[in-house]
Amino acid sequence: MDVASPSGHALSPPPRPEQCELCKRAAPLTKHHLIPRALHNKPRYRKRYSREERLTAILWLCHACHRHIHRLYSERELADQFASREALLANQEVRHFVEWLSTKPAGFKPKSRRPKR
């Protein structure tokens, strides 16, 4: 049996790391679904991604990184263009924010800003 996670179930999310997978700060973490759950049953995404990919493509992010990503992009944009950690970090707006945030202490909460769109 191919075991994808310590829990022994192939469709389990990856284990929670000690720090945010983007900014590397030790802060409370939330699950960020790289293929947003609202799109899992849409035919377009069912064809593009396997059930296992849809359920296990998860990053553990601090609240600030998670909020920033969802503030910048729609769920469709996230699923179509940013379905990996590498794709997120390749984006200049995300990378710039992550680099800035990584210099802040774990309890730091950035002020909310409206997107530039």
Worksheet item: Residues of region 37-85 being open to solvent by less than 70 Å² (accessible area, probe 1.4 Å), within 20 Å of R95 (Cα to Cα) and either free of Cβ contacts under 8 Å to residues at least 24 places away in the same chain or among the acidic types (D, E) (or both), which ones?
Response: Y73, S74, E77, D80
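For region 16-27, which residues satisfy the criterion of being open to solvent by 60 Å² or more (accessible area, probe 1.4 Å) and under 14 Å from the mean Cα position of the chain (by Cα)?
Just the residues of region 16-27 that are open to solvent by 60 Å² or more (accessible area, probe 1.4 Å), to begin with: 16, 18-19, 24, 26.
Hits for region 16-27 are R16, Q19, K24.
When the residues of region 96-117 are filtered to those that are open to solvent by less than 90 Å² (accessible area, probe 1.4 Å) and part of a loop (DSSP other than H, G, I, E, B), which remaining residue is modelled with the lowest pLDDT? So that I can check it myself, show each step before the final result.
As a first pass, look at region 96-117 and keep what is open to solvent by less than 90 Å² (accessible area, probe 1.4 Å): 97-98, 101-102, 104-108, 110, 115.
Keeping just the survivors that are part of a loop (DSSP other than H, G, I, E, B) gives 102, 104-108, 110, 115.
Details: S102: 94, K104: 91, P105: 87, A106: 80, G107: 82, F108: 87, P110: 88, P115: 57.
Checked region 96-117; the qualifying residue modelled with the lowest pLDDT is P115.
Please go through region 89-104 and pick out each residue that is in contact with a His (Cβ under 9 Å, 6 or more places away or on another chain) and without any contact (Cβ under 8 Å) to a residue 24 or more places away in the chain.
Residue satisfying the conditions is E93 alone.
Take A10 and tell me if it is open to solvent by less than 80 Å² (accessible area, probe 1.4 Å), modelled with pLDDT under 95 and more than 18 Å from the chain's Cα centre (by Cα).
So A10 passes the test.
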Discussion item. Suppose we keep only residues that are in a helix (DSSP H, G or I) and of a type in the set (S, T, N, Q) within region 49-95. Which one would you say is nearest to R37 (Cα to Cα)?
Written reply: T56
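Could you tell me which of the residues L89, L55, L61 is at pLDDT below 95, out of contact with any Phe, Trp or Tyr (no Cβ under 7 Å at 6 or more places or on another chain) and at negative phi?
Working: L89 fails: at pLDDT below 95; L61 fails: at pLDDT below 95.
Answer to the check: L55.
The values are calculated or read from the model by the stated rules, or taken from the named source; none is laboratory data. Every value quoted in this text rests on a predicted model; they were computed, and no experiment measured them. A quick note on method: Cβ atoms are made from the backbone with ideal geometry, for glycine too, and the neighbour counts reach across all protein chains shown. The accessibility values were calculated without ligands, DNA or RNA, using every heavy atom of the protein model including side chains. Shrake-Rupley method; radii C 1.70, N 1.55, O 1.52, S 1.80 Å.
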